[in-house]
Amino acid sequence: MGRVYNFSAGPAVLPEEVLKEAAEEMLDYKGTGMSVMEMSHRSKAYEEIIQTAEQDIRDLMNIPDNYKVLFLQGGASQQFAMIPMNLMKNRKADYIITGQWAKKAWQEAQIYGEAKAIASSADKTFSYIPDCSDLPIDDDADYVYICENNTIYGTKFKTLPNTKGKTLVADVSSCFLSEPVDVTKYGVIYGGVQKNVGPAGVVIVIIREDLITEDTLPGTPTMLKYKIHADNNSLYNTPPAYGIYICGKVFKWLKKQGGLEAIQKKNIEKAQILYDFLDQSKMFHGTVRKEDRSLMNVPFVTGNEELDAKFVKEAKAAGFENLKGHRTVGGMRASIYNAMPIEGVKKLVEFMKKFEEENA
Ligand SMILES: *Cc1c(COP(=O)(O)O)cnc(C)c1O
């Protein structure tokens, strides 16, 4: 069997070119006689891999010099704790609850201080982004926290919240490198890479230098201090070396595609094909308020659970994998990250049309 169209929310599809290149270099990376997996993270060859990866993500996102780029472990979920441990000087932070991941981050922060939910879309199953233009932000809040793209519910902040001068912290796991971004609007941008950037095991943290201090909460483990990783250029201990190498290849691939403006254009085109179909279908419906729709994760339902299950099953048999919706939402979800080719989306829509005709 060949490769399928993989609509998984994560770990997710990676560019075929990147996988092929990695396969070619598997046994002998550039004449070193060994795989990147077998290599010292202090070797010349590896130093070049991690430094090039950092430079490439800096180029892609236009990251200013006063921000550090850290390649860490522990997934996005570890950041739920690292953020308060490092940033909660006043032990106060404001959270905007737009889904499960924001909620988990908020719950974790409550271990460390007074984490307040200042807005939420839980009343309508997180199907929209609340108005964040004038929120009751605490004068002493150390930061305002958002999950910018909600992987499970398929919503995305199209405008960032008005934080009233407070530091903005954003989990961008599922929209990382999907469009251009103004890094200066954030104090911290972070994401687990297994959604849109690379293999599981790496989380990238882009953090403004003034937020990196010795002054962490008492009891913060050394490994959870941004400063130790920043001072050691992500080489304090053994980093997730092979994962970073693959991320580096994805950065090169993105540059070849024309960078983030170009990939955004493609992402808009892909999402449009699917949303246009959903908007005219008599069987399938999108579940998200139109203006808040994500370009990356597209949830939809038929309104009939049996029909949903039949669709997922038949889609799988036809080579469209992982279309089942998250267990908390039901229905279907198509994740159409950077590496999903446009043909994959076109063929999915053709399949949906056919299914609709056959089951009308
Ligand atoms: C998947 C996901 C997470 C959790 O990532 P882990 O690396 O598994 O901890 C957190 N936030 C968002 C937005 C996600 O999509």
**OP:** List every residue pair whose Cβ atoms sit under 7 Å apart, with the two residues 6 or more apart in sequence or on different chains, where the first one lies in segment 220-232 and is within 20 Å of residue 41 (Cβ to Cβ) and the second, anywhere, is part of a loop (DSSP other than H, G, I, E, B) and of a type outside the set (Val, Ile, Thr).
**Re:** 227/214; 228/236; 229/236
Subject >> Any hit, segment 136-146, residues being open to solvent by less than 40 Å² (accessible area, probe 1.4 Å), within 11 Å of the ligand (Cβ to nearest atom), touching a residue at least 12 places away in the same chain (Cβ under 8 Å) and closer than 22 Å to residue 271 by Cβ >> reply: yes
**OP:** Kindly indicate whether any position in segment 4-15 is over 23 Å from residue 76 (Cα atoms) and open to solvent by 70 Å² or more (accessible area, probe 1.4 Å).
**Re:** no
Original post:
Which one is surrounded by the most Cβ atoms within 10 Å (Cβ to Cβ), of the residues in segment 246-282 that are closer than 30 Å to residue 360 by Cα and in contact (Cβ under 8 Å) with a residue 40 or more places away in the chain?
Top reply: 270
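Condition check ((1) out of contact with any His (no Cβ under 9 Å at 6 or more places or on another chain); (2) within 16 Å of the ligand (Cβ to nearest atom)) across all residues:
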{"residue": "87", "(1), (2)": "yes, no"}
{"residue": "92", "(1), (2)": "yes, no"}
{"residue": "121", "(1), (2)": "yes, yes"}
{"residue": "125", "(1), (2)": "yes, no"}
{"residue": "128", "(1), (2)": "yes, no"}
{"residue": "152", "(1), (2)": "no, yes"}
{"residue": "157", "(1), (2)": "yes, yes"}
Original post:
Scanning for something under 20 Å from the mean Cα position of the chain (by Cα), surrounded by 15 or more Cβ atoms within 10 Å (Cβ to Cβ) and not hydroxyl-bearing (Ser, Thr, Tyr), does segment 34-53 turn up at least one residue?
Top reply: yes
Original post:
Say we look at segment 130-151 and pick out the residues that are among the β-branched types (Val, Ile, Thr) and within 17 Å of the chain's Cα centre (by Cα); which of these is nearest to residue 114 (Cα to Cα)?
Top reply: 146
Original post:
Do we find that residue 227 is part of a loop (DSSP other than H, G, I, E, B) and among the basic types (Lys, Arg) in this structure?
Top reply: no
**OP:** Mind listing whichever residues of segment 197-219 are within 17 Å of residue 240 (Cβ to Cβ) and either without any contact (Cβ under 8 Å) to a residue 24 or more places away in the chain or open to solvent by 10 Å² or more (accessible area, probe 1.4 Å) (or both)?
**Re:** 199, 200, 201
**OP:** Among what's in segment 159-178 and is farther than 17 Å from residue 297 by Cα and within 15 Å of the ligand (Cβ to nearest atom), pick the residue that is surrounded by the fewest Cβ atoms within 10 Å (Cβ to Cβ).
**Re:** 170
**OP:** Could you tell me whether segment 17-32 includes any residue that is under 25 Å from the mean Cα position of the chain (by Cα), assigned to a loop (DSSP other than H, G, I, E, B) and in contact (Cβ under 8 Å) with a residue 24 or more places away in the chain?
**Re:** no
**OP:** Restricting attention to segment 179-212, report how many residues are among the small types (Gly, Ala, Ser), within 15 Å of the ligand (Cβ to nearest atom) and in contact with a strand residue (DSSP E or B) (Cβ under 8 Å, 6 or more places away or on another chain).
**Re:** 3
**OP:** Tally the residues that are farther than 13 Å from residue 151 by Cα and either of a type in the set (A, V, I, L, M, F, W, C) or modelled with pLDDT under 95 (or both), restricting the search to segment 306-336.
**Re:** 10
Subject >> Complete set of residues in segment 89-135 that are in a strand (DSSP E or B), open to solvent by 20 Å² or more (accessible area, probe 1.4 Å) and among the charged types (D, E, K, R) >> reply: 92, 114, 116
**OP:** Would you be able to tell me the number of residues in segment 290-311 that are basic (Lys, Arg) and more than 20 Å from the chain's Cα centre (by Cα)?
**Re:** 2
Original post:
Quick one: which of 303, 330 is in a loop (DSSP other than H, G, I, E, B), of a type outside the set (Val, Ile, Thr) and either under 26 Å from residue 198 (Cβ atoms) or open to solvent by 50 Å² or more (accessible area, probe 1.4 Å) (or both)?
Top reply: 303
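The values are calculated or read from the model by the stated rules, or taken from the named source; none is laboratory data. Quick caveat: nothing in here was measured; it's all calculated off a predicted structure. All Cβ positions, even for glycine, are placed from backbone atoms using ideal geometry, and neighbour counts span all protein chains on display. Only protein heavy atoms, including side chains, enter the accessible area calculation; ligands, DNA and RNA are left aside. Shrake-Rupley method; radii C 1.70, N 1.55, O 1.52, S 1.80 Å.
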